[in-house]
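The block underneath contains the structure these notes are about, expressed in structure tokens.
What follows draws every value from the coordinates through simple rules; no lab data is involved. Since we're looking at a predicted model, the values are computed, not measured. Here the Cβ positions follow ideal geometry from the backbone for every residue, glycine too, while neighbour counts run over all protein chains shown.
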Amino acid sequence: MARRLRGYVHVDGRAYGPDDELSAAVAKRIGDHAFEDTGGEVAGESGPETVGFTDPRAATSSGDTAPPPRSGRGSGIDAWRKYAEDNGVEYDTHASREEIIAAAEQAGLIEPEQPTE
């Protein structure tokens with residue numbers, strides 16, 4: 001089932017409205033109360049294309065996984081690439097691990113790391 005916003009919401013200082021396309025990362029940050037069912041098919045499935053976005057809960061990727069650690073075992077670039085791809089985060093193919101982490105932060109999937117003093 002496809003969904004769309006009931007009205008306008010703001011995420012990270014940007015306004016999104018009922019006719020806007022939402023990435024899965026942005027849609028995850030908005031509460032269910034802000035959406036309504038459109039009654040149409042989900043985009044990408046057979047049937048008419050709908051306005052709005054594909055419900056991220058219907059995705060087949062492992063987007064519900066926890067992010068890799070930022071240091072130590074399991075914190076390598078391959079783990080961060082997989083996490084970003086599973087969650088629909090776009091990044092340059094030549095991006096460093098730190099750039100991929102920054103893209104995940106900007107997408108709202110993870111909180112920025114706070115420097116320790």
For residue 89, what charge total do you get from the other residues with a beta carbon under 10 Å from its beta carbon, if Lys and Arg give +1 and Asp and Glu give -1?
-> -3
So between residue 85 and residue 8, what do we pick up on full extension, going 0.36 nm a residue minus the alpha carbon distance?
-> 24.9 nm
